[in-house]
Each structure stands twice: as C-alpha cells, then as structure tokens.
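In what follows, a single structure is set out as structure tokens and then discussed.
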Amino acid sequence: MTTDTQTRKSETPATSQYKPVDGLLLEVEDLRVEFHTEDGVAKAINGVNFDLHEGETLAILGESGSGKSVTAQAIMGILDMPPAVIPGGQIRYCGQDLLTMPEEQRRKTRGPEISMVFQDALSSLNPVFPVGWQIAEMFRKHRGMNKSDSLERAVKLMQRVQIPAAKERVKAYPHQFSGGMRQRIMIAMAIALDPAVLIADEPTTALDVTVQAQIMSLLQELQEERQMGLILITHDLGVVADVADKIAVMYAGRIVERADVFDLYRQPAHPYTKGLLESIPRLDQKGQQLAAIGGLPPNLMRIPAGCAFNPRCRYAQDICREERPELLTVAPGRESACHFAEEVLHG
Amino acid sequence: MYKYVIRRLLQMIPVLIGATFIIFYMVFSMPGDPTAGMCGDRGCSPAFVAQFREEHNLDDPFPLQYAKYLGNVVQGDLGTNFRNQSVGFELEQRYPITAKLALMAIAFEAVIGIIAGVLAGVRKGKFIDNLVLVSTLVVISIPVFVIGSVLQYYLGVKMGGQIFPVTYDSARPLQSLILPAFVLGSASIAYVARLTRTNLVENLRADYLRTAIAKGLTRSRAIGVHALRNSLIPVVTFIGADFGGLLGGAIVTERIFNIPGVGGFLFTGIRNHDGVSVVGTVTVLVLVFLLVNLLVDLLYGVLDPRISHD
Ligand SMILES: Nc1ncnc2c1ncn2[C@@H]1O[C@H](COP(=O)(O)OP(=O)(O)O)[C@@H](O)[C@H]1O
Ligand SMILES: [Mg+2]
C-alpha cells in the first residue's frame with residue numbers, strides 16, 4: 001500500500017488534484033438510494049458503509065437485486081436521477097464528497113480518478129464506433145490529445161490487456177470480437193487514464209468459465225501493477241475468492257457481513273453468508289435462486305421490519321422481526337449484522 | 001461489397017423491363033381514343049386519325065408495339081409523344097427542377113425533422129416533447145394539398161409573393177421552390193421528427209450510453225455523439241428512401257405551385273392517354289428509385305458496421 005499517486009503507471013500522468021491520505025481512496029458513509037417509481041418507493045440502498053484503500057480489492061457479494069450495481073452506480077454518479085434519489089450519505093473520494101461536488105467537477109473524476117467496467121461488454125460498448133476510437137476518446141476528451149496520438153495509446157492499451165494483433169484490430173468494431181476480448185477492451189478503456197479506483201460490476205458473469213478466470217487474473221494483474229483500489233462486484237463467491245482481500249456481503253441494500261476473504265470463506269458470521277457458501281452456485285444455475293436459502297429477497301418497497309433477512313433465516317427469533325441488527329464487530333476483523341452472529345460464527 | 005453492387009445492378013434489369021411492360025400494358029388498355037379532343041369540336045378527319053395511328057404504331061398488336069418501343073429505349077430514345085414532344089428532351093428540362101425540389105424537401109426533413117426530434121427526445125415528457133408530438137401528428141394527418149393551399153395563400157398570396165412566389169417563377173427558380181419543398185416534405189418532416197425522437201429515447205437508455213457517461217464525457221457529447229449516431233441510422237435510411245420517392249415527382253405539389261417538373265408531365269401524359277410520355281417517364285423514375293435505394297442500402301452498411309454486404 002502506498003500513499004503516493006506517482007505509483008500510477010500513466011505515461012503522461014496528469015497531476016491529479018486528489019491525493020489520498022494514508023492510502024485511503026474511497027469512504028462510503030451511510031449511503032442511501034431510493035427509486036421513486038409509479039408503484040412506490042423502492043429502498044434499494046439502506047445505509048451502506050465501507051472504505052477502499054490503494055492496492056486493496058474489495059469484493060461486494062450478494063444475490064441479484066441486493067443493490068450491488070446501484071451502489072457502484074452511485075459511486076460513479078451514473079444513476080438516472082430521477083427515478084433514483086439519494087436521500088442521504090456521503091461518498092468521499094480522497095476526502096471530498098462526490099455527492100455534493102459540482103457536476104462538472106465530478107464528471108472530470110470519471111475516467112481519470114474512478115472508472116468502471118460493466119457486466120455485458122457487448123451492449124456497454126457503442127456498436128457503431130471502432131473499439132480503438134472508443135478507447136482513444138478517453139485521451140482526446142480528458143487529455144486533449146490528437147487523433148493519432150490517442151489511437152497509438154489505444155493500441156498500447158489493447159496490447160496491455162492482451163488483445164492479439166492489437167494494431168490491426170484497433171479499427172474493428174465491438175461485434176467483431178469475442179466476449180472475452182470485448183471485456184478486455186472495456187477494461188482497457190476503464191484503465192486508460194490510470195484511475196485510482198476501478199469498479200468492476202460482475203465483469204465475468206456473461207463469459208465462459210475459462211475466460212472468466214483469465215479476465216479475473218488480468219484485473220488482478222492490473223490492480224497490482226497500478227496499485228488501484230478495486231471494487232469487484234459479484235454474485236458468485238467462487239469467482240472472486242482468489243482475487244479479493246476483503247468481502248462485503250450485501251442483502252436488501254445493506255452490508256450484512258464484512259470480513260477478510262479467507263475468514264469469511266472458512267467461517268461465515270451471518271446466516272445469509274452461510275447460506276450463500278452452502279450453495280456456491282453450480283454452473284448450470286448461474287444467477288438463479290440459490291438452492292440453500294429458501295424464499296426470495298424482499299420486495300424493496302416493503303422490506304420486513306427488523307432484520308430484512310428474517311423471513312428466510314433459520315436462526316430467526318422474535319427479536320429478528322422487531323429490531324434491526326447493526327453491523328457490529330463480532331470478532332477481530334469480523335463484522336456481522338445479526339443478532340445471533342456469535343452462534344453463526346461458532347456454531 | 002463490389003459483388004453486391006454488381007448483383008444489385010443486374011437485378012434492376014428485370015425490374016425495369018417488368019415495370020415498363022406493366023405500365024405500357026396499362027396505358028395500352030386504357031379506354032378512349034387519344035385523338036379525341038385533339039382537333040377541337042369538329043373532331044379529327046379520318047385521314048388525320050389514320051396518319052396519327054400509323055405514326056405511333058397504334059394499330060400494331062400490343063406485343064409488337066411494346067417490342068418497337070423497347071427497341072428504341074435500349075438505343076437511348078425515349079420516343080416522341082402524341083404532342084410531338086421528345087420525351088427525352090422534356091425530361092431533361094424538367095428533371096433538374098424536380099430534383100432540386102426533392103433535394104430541398106430532403107434538406108427540410110433532415111434539418112427540421114432531426115432538430116425537432118432531438119429536442120423532443122432529450123426532453124421526453126416535457127413541454128417541447130408534447131409540442132413536437134402534437135404538431136407532427138397534426139401535420140401527418142392533414143392532406144398535402146390542404147397544407148399546400150393554405151401555405152400558398154398565407155405565405156404567398158397574402159405576403160404579395162415577395163418572399164415566397166405564389167407560383168413557380170422561372171426568373172427566381174430556387175426561391176420559388178422553398179415553399180413547395182417545405183409542403184412536399186411536410187409529412188416526412190413530421191415523420192423524421194418522430195422517428196428521431198423514438199430512436200433517441202431508446203438509445204438514451206442503452207448500456208453504451210451509461211458507459212459514455214461513466215467515461216466522464218459531457219452529457220452533450222454522450223447524447224450528441226454516442227446516442228445520436230445510433231439513433232440516426234434508421235432516420236438517415238428513411239430520408240434516403242424518401243428521396244428516391246420524391247425524385248419521382250410530386251404531382252400534387254407541382255400542380256398547386258404550377259411547377260414545371262416531372263410530376264406535371266406525367267399527369268398530363270396520363271390524362272392524354274399518352275403512352276410514350278408515361279412509359280418513358282416512369283421508366284426513368286423507376287431507374288432513379290432503384291439506384292437511390294441501392295445507395296441507401298450501401299449507406300446503411302456504412303452507418304451501421306454490423307450490416308455486412310459481403
Ligand atoms: N432504474 C431503476 N428503477 C427502479 N428500481 C431500480 C432501478 N435500478 C435498480 N433498481 C432496484 O434496485 C435494486 C437493486 O438493484 P441492483 O443494484 O441492480 O442489484 P444487483 O445487486 O443485482 O446489482 C433492485 O431490486 C432493483 O429493482
Ligand atoms: Mg447488478
């Protein structure tokens with residue numbers, strides 16, 4: 001972990017006005033996001049807290065609909081508002097609150113400071129522009145580079161993410177690449193300006209298993225090389241176990257457990273995590289309802305009182321239906337939001 | 001691509017022959033006598049009629065008439081019509097006017113239609129969006145001769161014809177065509193506006209637009225370059241196809257504004273049972289239409305890299 005932004009790899013390092021203190025890049029504090037729709041208010045994020053440091057990989061794990069993408073989009077500032085409303089919380093990047101920052105200033109953080117890789121690279125790349133053009137756009141619009149210099153940089157990035165014959169393919173269009181190659185292009189675009197924080201939202205969910213592993217190791221490599229803070233979103237613990245340092249488990253818009261990967265893997269401290277681990281998804285039911293946890297995630301317009309997980313929880317008692325458990329330290333380096341965390345941890 | 005163009009050009013031959021055949025046959029079987037009404041109240045003398053019918057091969061059986069005609073066309077001779085006008089010469093005089101009219105109408109479609117569509121799409125559900133939706137619906141539902149006559153009266157007659165000549169004035173040809181071009185393009189302007197709006201709204205929701213914002217691009221660049229470039233693919237295709245149609249002459253608009261274009265010539269030809277004029281004109285129009293459509297298809301391939309013509 002370093003405290004010096006000079007470790008960033010860019011050949012033309014733009015002098016960033018953002019300097020992390022003690023390597024602390026991102027602080028998310030009591031983040032709340034609601035969606036105001038015709039049917040009512042869906043409380044998608046209900047008080048999320050976490051920090052991210054340089055060189056650190058944080059995995060966010062949770063079932064589909066638990067609020068992982070919304071968290072990522074809130075950090076990036078790419079939520080559609082409306083319908084999204086952020087009624088509370090702070091997202092501080094190098095000490096500055098992104099949520100209260102003027103939009104123009106915030107826009108300039110997207111790309112050079114914080115960057116994002118999306119799940120479906122085919123739909124996330126613009127179908128009508130060559131991939132090299134789309135990567136080069138980062139240099140042209142943020143660094144004012146001319147067309148040929150920026151394209152040259154695009155080729156280098158494509159080589160860096162191991163796209164074969166990058167020079168020849170820089171003018172090819174997204175549909176002319178395989179899924180894995182497209183995701184590499186997304187990654188090249190996201191790291192183009194050497195961001196301090198990279199968010200990868202289920203970057204391998206749409207890919208074959210073998211390709212998944214390659215993309216994961218590429219992300220890990222880049223993260224180590226550039227000492228980025230990496231947020232790795234997934235619904236599949238198996239995918240991130242080797243790469244992540246810390247894991248935050250999300251349920252109904254809250255973090256219900258947080259721990260180092262190894263500890264959590266060995267000994268979960270929340271019944272939901274336990275359920276997830278017992279049901280490490282089989283390949284044939286990727287993204288589906290997890291077998292070991294009965295029932296469905298709650299409707300975000302009517303989140304149950306008390307612990308949101310209580311209707312599905314085998315540990316649930318009366319207190320779970322009445323009082324919401326806070327995320328508390330239950331053992332060194334272990335946090336869990338469960339009234340019976342001790343039992344779960346040791347039981 | 002090269003092979004594709006050749007194939008498309010070869011496909012035009014049977015279409016052209018088929019089209020001339022059908023038109024020729026339809027004119028051939030129209031009831032009535034072309035010499036009727038040619039010589040005033042007294043009627044034509046039998047000698048004149050005989051000579052006229054001889055000159056225009058009217059007594060030959062249909063297949064022979066058609067063969068003789070096609071033979072001339074292949075040699076580049078579109079023939080001489082019943083009023084002794086060279087059809088080729090007439091088209092040469094009239095086609096540039098029709099083409100200008102069509103081009104100007106297309107310009108109106110592209111500029112007004114796209115701007116209105118973008119404004120509406122970007123502010124979906126707001127006042128400007130509703131304004132565009134309602135006004136385009138009105139324009140689309142009013143027949144073109146009503147729009148033409150009304151605009152001719154208010155912008156032409158009432159304003160003394162200074163800015164917009166009431167009818168075609170060969171001394172100010174381009175100026176004369178502005179209002180007619182707007183009238184001619186009006187329905188398509190409305191359609192282009194709606195098409196642009198719909199496509200833009202759809203593309204604003206696309207994943208790649210979210211990427212564009214996440215790249216730190218300005219909203220205007222994300223919309224104006226990334227979303228618009230995608231949204232305009234069907235719009236440009238529509239405008240291109242419409243251009244092919246407008247080059248076929250605008251009978252109604254040309255008559256309202258008394259424009260000496262192809263449409264009027266075709267209209268007169270049909271009224272006079274003048275097969276040579278009709279078939280010659282239609283042949284050229286079909287050819288132009290097919291060529292423009294080929295160009296539009298090629299353009300589509302350029303605009304959307306996912307389309308391949310190999
Ligand atoms: N644009 C939106 N409008 C309404 N609800 C939304 C919208 N985006 C997300 N949500 C809601 O927020 C919840 C969390 O979504 P998301 O963060 O995408 O889940 P995931 O953990 O699978 O990434 C979902 O239940 C979804 O219904
Ligand atoms: Mg998601």
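In this structure, is B:Pro305 modelled with pLDDT of 85 or more and in a loop (DSSP other than H, G, I, E, B)?
Working: modelled with pLDDT of 85 or more: yes; in a loop (DSSP other than H, G, I, E, B): yes.
Answer is yes for this residue.
Could you check, for segment A:162-173, whether at least one of its residues is open to solvent by less than 20 Å² (accessible area, probe 1.4 Å), within 12 Å of chain B (Cβ to nearest Cβ) and out of contact with any Cys (no Cβ under 9 Å at 6 or more places or on another chain)? Let's see the steps before the verdict.
Taking segment A:162-173 first, the residues open to solvent by less than 20 Å² (accessible area, probe 1.4 Å) are A:163, A:166, A:170, A:172.
From what is left, the residues that are within 12 Å of chain B (Cβ to nearest Cβ) are A:172.
Subset that is out of contact with any Cys (no Cβ under 9 Å at 6 or more places or on another chain): A:172.
Yes, the conditions are met somewhere in segment A:162-173.
Evaluated against (1) away from ligand 1 (no atom under 14 Å from the Cβ); (2) modelled with pLDDT of 90 or more, A:Glu34 falls short on exactly one condition, (1). The helices (runs of 4 or more DSSP H) found wholly in segment B:114-160 and carrying at least 3 residues that are of a type outside the set (A, V, I, L, M, F, W, C) occupy B:127-141. Candidates in segment A:117-154 are the residues that are aliphatic (A, V, I, L, M) and open to solvent by 10 Å² or more (accessible area, probe 1.4 Å); of these, the one that is farthest from the other protein chains (Cβ to nearest Cβ) is A:Leu151.
Out of the residues in segment A:58-85 that are in a strand (DSSP E or B) and within 18 Å of the chain's Cα centre (by Cα), which is nearest to ligand 2 (Cβ to nearest atom)? Break it down into steps so the answer makes sense when it comes.
So the first thing to find is which residues in segment A:58-85 are in a strand (DSSP E or B), and the list is A:58-61, A:84-85.
Going one step further and asking which of them are within 18 Å of the chain's Cα centre (by Cα), we end up with A:58-61.
On the way: A:Leu58: 16, A:Ala59: 14, A:Ile60: 10, A:Leu61: 12 Å.
Ranking the candidates gives A:Ile60 first.
Is it true that B:Ile189 is touching a residue at least 60 places away in the same chain (Cβ under 8 Å), within 14 Å of another protein chain (Cβ to nearest Cβ) and open to solvent by less than 50 Å² (accessible area, probe 1.4 Å)? No. I'd like to know if segment A:289-301 contains one or more residues that are within 16 Å of ligand 2 (Cβ to nearest atom) and either among the charged types (D, E, K, R) or touching a helix residue (DSSP H, G or I) at 6+ places or on another chain (Cβ under 7 Å) (or both). Yes, because at least one residue in segment A:289-301 is within 16 Å of ligand 2 (Cβ to nearest atom) and either among the charged types (D, E, K, R) or touching a helix residue (DSSP H, G or I) at 6+ places or on another chain (Cβ under 7 Å) (or both). Might you let me know whether segment A:40-59 holds any residue that is more than 17 Å from A:Ala248 (Cβ to Cβ), surrounded by fewer than 15 Cβ atoms within 10 Å (Cβ to Cβ), more than 14 Å from every other protein chain (Cβ to nearest Cβ) and more than 8 Å from ligand 1 (Cβ to nearest atom)? Yes - at least one qualifying residue is present in segment A:40-59.
Take the residues of segment A:60-88 that are more than 14 Å from chain B (Cβ to nearest Cβ) and more than 10 Å from ligand 1 (Cβ to nearest atom): which is surrounded by the most Cβ atoms within 10 Å (Cβ to Cβ)?
Keep residues of segment A:60-88 that are more than 14 Å from chain B (Cβ to nearest Cβ), which gives A:60-68, A:71, A:85-88.
Filter again for more than 10 Å from ligand 1 (Cβ to nearest atom), leaving A:85-88.
Working: A:Val85: 14, A:Ile86: 17, A:Pro87: 10, A:Gly88: 15.
Among those residues, the one meeting the criterion is A:Ile86.
Note on segment A:320-347: residues that are in contact with a Gly (Cβ under 8 Å, 6 or more places away or on another chain) and over 20 Å from A:Asp30 (Cα atoms) amount to 3.
The set of residues in segment B:1-44 that are over 22 Å from the mean Cα position of the chain (by Cα), open to solvent by less than 60 Å² (accessible area, probe 1.4 Å), modelled with pLDDT of 70 or more and hydroxyl-bearing (Ser, Thr, Tyr) contains only B:Tyr4. Taking segment B:213-234 as the range and being at the interface with another protein chain (Cβ under 7 Å from one of its Cβ atoms) and open to solvent by less than 20 Å² (accessible area, probe 1.4 Å) as the test, the residues that pass are B:Ala214, B:Lys215, B:Gly216, B:Leu217, B:His226, B:Asn230.
The values are calculated or read from the model by the stated rules, or taken from the named source; none is laboratory data. Being a predicted model, the structure only gives us computed values, none of them experimental. Methodologically, a virtual Cβ is constructed for each residue, glycine included, from the backbone with ideal geometry; neighbour enumeration extends over all protein chains shown. We work out accessible area using only protein heavy atoms, side chains counted, and drop any ligands, DNA or RNA first. Shrake-Rupley method; radii C 1.70, N 1.55, O 1.52, S 1.80 Å.
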